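In what follows, a single structure is set out as structure tokens and then discussed.
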Amino acid sequence: MVAVSQDLWAIGRIIVTVAVMYFAMQGYKWAKWVLIAIFSLVVVLLTALIVALHSKLSTFLVVGSLIMIILTIIVGSFMIFNRDLARYFTDRRKAAIKPS
């Protein structure tokens with residue numbers, strides 16, 4: 001989708017998102033909430049893009065954007081509400097604090 005949309009800033013956004021994901025998986029609370037904020041922004045912006053430019057976008061971009069919206073909502077919800085993942089983050093934080 002990055003190549004089709006010809007978005008030159010996409011690579012930078014992807015790198016920042018991957019870095020935040022790394023810190024989130026290490027158990028940092030700030031990174032988890034930054035990632036949730038990024039996900040929320042993605043949903044809002046993609047929805048606005050589809051609504052505003054639906055007739056000017058290719059079907060591929062519209063369908064791809066809708067799939068991204070759905071997956072982003074699922075992953076964000078999972079990060080907020082899943083108890084096993086919350087326990088994992090807690091364990092990661094405890095492991096980082098514990099002296100070796």
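Scan (1) closer than 20 Å to residue 81 by Cα; (2) touching a residue at least 60 places away in the same chain (Cβ under 8 Å); (3) open to solvent by less than 50 Å² (accessible area, probe 1.4 Å) for the single condition residue 26 breaks and write down its number.
For residue 26, the exception is condition (3).
If you go through region 44-100, how many residues are in contact with a helix residue (DSSP H, G or I) (Cβ under 8 Å, 6 or more places away or on another chain), open to solvent by 50 Å² or more (accessible area, probe 1.4 Å) and among the β-branched types (Val, Ile, Thr)?
Summing the residues that are in contact with a helix residue (DSSP H, G or I) (Cβ under 8 Å, 6 or more places away or on another chain), open to solvent by 50 Å² or more (accessible area, probe 1.4 Å) and among the β-branched types (Val, Ile, Thr) in region 44-100 gives 4.
Looking only at region 29-46, how many residues end up being free of Cβ contacts under 8 Å to residues at least 12 places away in the same chain and within 19 Å of residue 74 (Cα to Cα)? If you could, list the steps in order and put the result at the bottom.
Step one: list which residues in region 29-46 are free of Cβ contacts under 8 Å to residues at least 12 places away in the same chain, which gives 30-31, 33, 37, 41, 44-45.
Filter again for within 19 Å of residue 74 (Cα to Cα), leaving 31, 33, 37, 41, 44-45.
Qualifying residue count for the region: 6.
The values are calculated or read from the model by the stated rules, or taken from the named source; none is laboratory data. As the structure is a computational prediction, the values presented were derived from the model and not from experiment. Neighbour counts run over all protein chains shown; Cβ positions are idealised from the backbone, glycine included. Quick note on the areas: whole protein, heavy atoms, side chains included, nothing else; ligands and nucleic acids left out. Shrake-Rupley method; radii C 1.70, N 1.55, O 1.52, S 1.80 Å.
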